[in-house]
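Asks: Dropping a structure here in structure tokens format, bear with me for questions.
What follows draws every value from the coordinates through simple rules; no lab data is involved. Every value quoted in this text rests on a predicted model; they were computed, and no experiment measured them.
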């Protein structure tokens, strides 16, 4: 193969351009996952603060001797369920971190394989792919024993 042959040069460049584009998309997806994680953290923090405040107010009403009506019992039950549902944040965080690690590993492998010895920065360091295919096996939230009062 001659380096003066434009067809041969173009066929060698196209996989490199494709690899660079794919790597860019993977890194963009990884960055989006990091932003999603920050949004989830902020939203869950606000929800936790609101639920704990509501639970505190409800406990004060009960402590003052207010009759625990079926309606009040229902409010209490809904607060328990809401706090339990917030446990999804931990699972979501694990899934996001796992997926992010996989995306970055793929992007690193593409860079290493596409550039090979031609990488001006030296050989690409490839982040290890997670050993487990999925860190979270649970796919729904069940009510557990969450103590609010």
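Asks: When Rg is the radius of gyration of the Cα atoms in segment 71-120 and Rh is its Kirkwood radius, what does Rg/Rh come to?
Replies: 1.52
Asks: Work out how far the C-alpha atoms of segment 6-118 reach from end to end along every principal axis, then list the three figures in whole Å, largest first.
Replies: 87, 20, 15
Asks: Given 0.36 nm per residue, what is the gain on full extension from residue 75 to residue 27 after removing their alpha carbon distance, in nm? Working shown, then result.
Replies: Numbers: separation 48, 0.36 × 48 = 17.28 nm, distance 4.42 nm.
Full extension of this stretch gives 12.9 nm more.
Asks: Mind checking the full-extension length gain between residue 85 and residue 38? Use 0.36 nm per residue of separation minus the Cα-Cα distance, one decimal, nm.
Replies: Values: separation 47, 0.36 × 47 = 16.92 nm, distance 1.83 nm.
So the chain would gain 15.1 nm between residue 85 and residue 38.
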